[in-house]
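To start, the structure itself, in structure tokens.
The values are calculated or read from the model by the stated rules, or taken from the named source; none is laboratory data. Remember, it's a predicted structure, so these values are computed and weren't measured experimentally. Positions of Cβ are backbone-derived with ideal geometry, glycine not excepted, and every protein chain shown enters the neighbour counts. Surface accessibility is based on the protein's heavy atoms, side chains included, excluding ligands, DNA and RNA. Shrake-Rupley method; radii C 1.70, N 1.55, O 1.52, S 1.80 Å.
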Amino acid sequence: MRVFIFAFIFISLTGCNRDTKPVALGSLERDRIAQSATINEVIVALPVAKGSVVSKGEVLVRLDDTFQQSQVLKAQAEVLNALARYQKLQKGAREEDIATARANVAGAKATQQESEANFNRIQTMAKRNLASKADLDKARASRDSGSAHLESMQEKLRELTAGSREEDLRSARASLDAAKAALVGEQKRLDDLTIRATRDGILDDLPWNLGERVSQGSPLAIVIAGKAPFARVYIPALYRVKINIDDNLLVHVDGIKAPLMGSVRWVSSEPAFTPYYALNQEERARLMYLAEIQLPDSAAALPSGVPAQVELP
């Protein structure tokens, strides 16, 4: 059935006569931009009516963002937490903590000196049989415990005065960067709940009503973009090799006497139906290539869907 339709189009093309020039038939069209929902949510605002002229960035649809607002706040808190940890490691220990560690070292040193003196005294007494072996062992254990405690306090002081390790700083910095990236992602999801026009045009349709819960991936707003329309026509195979991108062609629009000069913005690299290698020479003449010819801005008032013919070279 499609072969017969395209054969009819080709016959119409070769039969049309505008100053003996062949023409390609089609209609005026504009880019249709469908903006979809990124999440299942309820529509809370439709600030623009269908059929209105819209500008790039204008709000078309608002979805309920209560939950996503909370996710953004949570991500912001994570950033602050990671930043605080990173800055703490950068600054190192507080003077108060270092002073406390020095005091602990001094106390441990005094305790160790006392236990050392007590051990020496008990050891001397034990040699004179004035102290038992149990008393000597107890004094030795107290001395060794004091020495270990002093070493522990000294290591703690060295740790505080040496500052943060480079590995800890890199880890904290990585955690901060990850938190910031997560915040950017959550903010993007929040922004996506406000549907804005990505190009100037006309709001053609709003498929969902106020208060409805939309499904993820469904179109929320459809904008017909572009100032002037383009002619979408079928180019016969015999003329395809003569047409290139940016070529200027005359476009005749029904209802307008004077033709308009358009520029070829796109030509399909594949024929509209049966592959050429499956056709004989006579049948290949019926192949059609879809093309788009952009009209100048002076044709901005022309509506979409109007029949058009393009003169072929």
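How large is the charge dipole for the range 120-260, taken about the Cα centre, if only the Cβ atoms of Lys, Arg (+1) and Asp, Glu (-1) carry charge, to the nearest 20 debye?
The dipole of the range 120-260 has a size of about 940 debye.
With the dipole of the chain worked out from charges on the C-beta (+1 for Lys and Arg, -1 for Asp and Glu) around the Cα centre, which of ASN209, PRO236, PRO271 lies farthest toward the positive end?
Going by the charge dipole, the pick is ASN209.
Compare the peptides 26-33, 99-106 by average per-residue count of other Cβ atoms within 10 angstrom and give them in order, highest first.
26-33, 99-106
If the viscosity is 0.890 mPa s and the temperature 25 °C, what translational diffusion coefficient in µm²/s does Stokes-Einstein give for the range 147-238 when Rh comes from Kirkwood over Cα pairs?
Translational D for this selection: 120 µm²/s.
Might you report the magnitude of the Cβ-based charge dipole of the range 57-183 about its Cα centre, with Lys and Arg at +1 and Asp and Glu at -1, to the nearest 20 debye?
Computed charge dipole of the range 57-183: roughly 740 debye.
For the chain, take the longest principal axis of its alpha carbons; what is the angle in degrees between that and the long axis of helix 166-191, to the nearest 10 within 0 to 90?
Long axis of 166-191 versus the principal axis of the chain: about 40 degrees.
Identify, among GLY51, ALA110, TYR289, the residue whose Cα sits farthest towards the positive end of the charge dipole of the chain, taking +1 on the Cβ of Lys and Arg and -1 on the Cβ of Asp and Glu, with the dipole about the Cα centre.
ALA110
When only alpha-carbon atoms are used, what values of Rg and Dmax, in angstrom, describe the range 114-161?
Rg, Dmax (Cα atoms, Å): 14.2, 48.
How large, in percent, is the carbon and sulfur part of the accessible surface of the chain at a probe radius of 1.4 Å?
52 percent
What does the charge count around ARG102 come to, taking other residues whose C-beta lies under 12 Å from its C-beta (Lys +1, Arg +1, Asp -1, Glu -1)?
0
Sort the range 65-185 into rounded, prolate or oblate with this rule: let a ≥ b ≥ c be the square roots of the eigenvalues of the Cα gyration tensor; rounded if a/c is under 1.5, and if a/c is not under 1.5, prolate when a/b is larger than b/c, oblate otherwise.
Taking the square roots of the gyration eigenvalues as a ≥ b ≥ c, the range 65-185 is prolate.
Excluding ARG213 itself, calculate the net charge of residues whose Cβ lies under 13 Å from the Cβ of ARG213, where each Lys or Arg counts +1 and each Asp or Glu counts -1.
-3
Which of LEU169, ALA82, ALA34 sits closest to the plus end of the dipole of the range 15-172, meaning its Cα is farthest towards the positive end, when Lys and Arg get +1 and Asp and Glu get -1 on the C-beta?
Highest projection toward the positive end goes to LEU169.
At a threshold of 8 angstrom on Cα-Cα distance, excluding pairs fewer than six apart, so keeping six or more, what relative contact order does the chain reach in percent?
Computed over the chain, the figure is 32 percent.
Let me check I've understood the local charge: for GLN112, count other residues with C-beta under 11 angstrom from its C-beta, Lys and Arg +1, Asp and Glu -1. What total comes out?
Net local charge, GLN112 excluded: -2.
Which angle between 0 and 90 degrees, to the nearest 10, do you get for helix 95-127 versus the longest principal axis of the chain when only C-alpha atoms count?
30 degrees
How far is helix 2-15 tilted, in degrees, relative to the longest principal axis of the Cα atoms in the chain, given as a value from 0 to 90 rounded to the nearest 10?
Between helix and principal axis, roughly 50 degrees.
Let me spell out the model: positive unit charges on the Cβ of Lys and Arg, negative unit charges on the Cβ of Asp and Glu, origin at the Cα centre of the chain. What dipole size does that give, in debye rounded to 20?
Dipole about the Cα centre, nearest 20: 980 debye.
Could you estimate the translational diffusion coefficient of the chain from the Stokes-Einstein equation, with Rh from the Kirkwood formula over C-alpha pairs, at 37 °C and 0.692 mPa s, in whole µm²/s?
118 µm²/s
Please give the per residue accessible area of the range 140-246, computed with a probe of 1.4 Å over protein heavy atoms only, in Å².
Ligands and nucleic acids excluded, the result is 58 Å² per residue.
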